[in-house]
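Student: Input: one structure, supplied below.
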Amino acid sequence: MTNFFLHRRALMGLALTSALPATSVWAAGQPLPVVASFSILQDLTRQVGGDLVTVSALVGPDGDAHVFEPTPQQARQLLQAKVLVANGLGFEGWLPRLKKASGFKGQEIVASQGIAVRILPNSQGHSHGAGADKAGHDHGHGHHHGHNHGPQDPHAWQDVRNAIVYVRNIAQGLAKADPANAAQYDQQARQYIARLTALDASLRQRFAALPAERRSVVSTHDAFGYFAQAYGLRFVPVRGLSTESEPSARDMAALVKQVREERIGAIFVENISDPRLLEQLARETGAAMGGRLYSDALSPAGGPASTYIDMVETNAATLLKALQAD
């Protein structure tokens, strides 16, 4: 309930900004002002837009969009934008309220449009367990105020092929908002897609070499379902789709049993989450802590995952180091 009232207070503050005029007006020849909902989309948009755009993120590096609460400052930030780039698929449960409160009248690009959506098998109702069955099916769908993803998994960017779809959608949206530079957006998108295509092929080759018995890991929440499907792994999440969902004592006992019985050798924390729960699981099972994965946010500038490609490469290297046979 505390989180609900915090949301109400934040939204009441946001409502006060809706009558404020934008303090900047975009004109052709100036960089296109773009707001991305979170840092991964911010980087993808920068790769497509280059010097033709200025891109800020509502949820910045190492930020958790699942628990994000917009401020009046961010409402003003959105009001001044010509373009909004959002993930969609219910990932930004707070975004419709923020758009309304800010008075945003620009163009919205839904980056995930057109992907093959991962549907959760247990999407009828919302069990509050943790982990996955042997087919990799999630049993912990985070259901919180403003963060109910329903049956769709929104973390589609974790499959590099989906990121290519994101890039195409972003390029088309930027061209629509700034038609004078449409050809350059298309060219920059094509160049970046070539890099993503090479990255995807490299990942498939590297993960194909893993033996079948070394393909299961534990992660903080169910953010890597698309990565698992694409590259032949199985992630067992302690929490569900949302980082807000908490496993019960019974859930944790079942997960400890599963890790021991299936001899899952590596547990990974995420950059957006408190590691204590997974450290407890490692102590109780004897599984090794495999390192840090970047799920819903990039690292700050200068970190190991400050761009989307760096994030994917860092995650792949961390996983392979822990999973490769000695």
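We did not get these values from a lab; they are worked out from the coordinates using the rules stated. Note that the structure is a prediction, hence the values are computed from the model and not measured. Please note: Cβ atoms are built from the backbone with ideal geometry, for glycine as well, and neighbour counts cover all protein chains shown.
Student: Let me know the shape class of segment 176-236, please: from the alpha-carbon gyration tensor, a ≥ b ≥ c as square roots of the eigenvalues, rounded when a/c is under 1.5, otherwise prolate if a/b is greater than b/c, or oblate. Please report the intermediate quantities before stating the final value.
Tutor: On the way: a/c = 6.10, a/b = 2.24, b/c = 2.72.
Here segment 176-236 falls in the oblate category.
Student: Pull up the cross-link candidates among the lysines for Lys176, meaning alpha carbon to alpha carbon under 19 Å and not fewer than 8 places away within one chain.
Tutor: Within reach: Lys82, Lys105.
Student: Additional query: Please arrange Val53, Val256 by how many other C-beta atoms lie within 10 Å of their C-beta, fewest to most.
Tutor: On the way: Val53 22, Val256 16.
Ranking Val53, Val256 by Cβ neighbours within 10 Å, fewest first, gives Val256, Val53.
Student: Going by how many other beta carbons lie within 10 Å of each one, how would you line up Tyr185, Tyr231, fewest first?
Tutor: Numbers: Tyr185 25, Tyr231 21.
Neighbour counts put them in this order, fewest first: Tyr231, Tyr185.
Student: While we're on this one: Which of the peptides 96-102, 281-287 is most tightly packed, and how do the rest follow, going by the mean number of other Cβ atoms within 10 Å of each residue? The partial results should precede the final answer.
Tutor: Working: 96-102: 19.3, 281-287: 16.4.
Ranking the peptides 96-102, 281-287 by packing returns 96-102, 281-287.
Student: Neighbouring Cβ atoms within 10 Å as the yardstick, rank Phe104, Phe235 fewest first. Display every interim value, and only then the final one.
Tutor: Numbers: Phe104 22, Phe235 25.
Starting with the residue having the fewest Cβ neighbours, the order is Phe104, Phe235.
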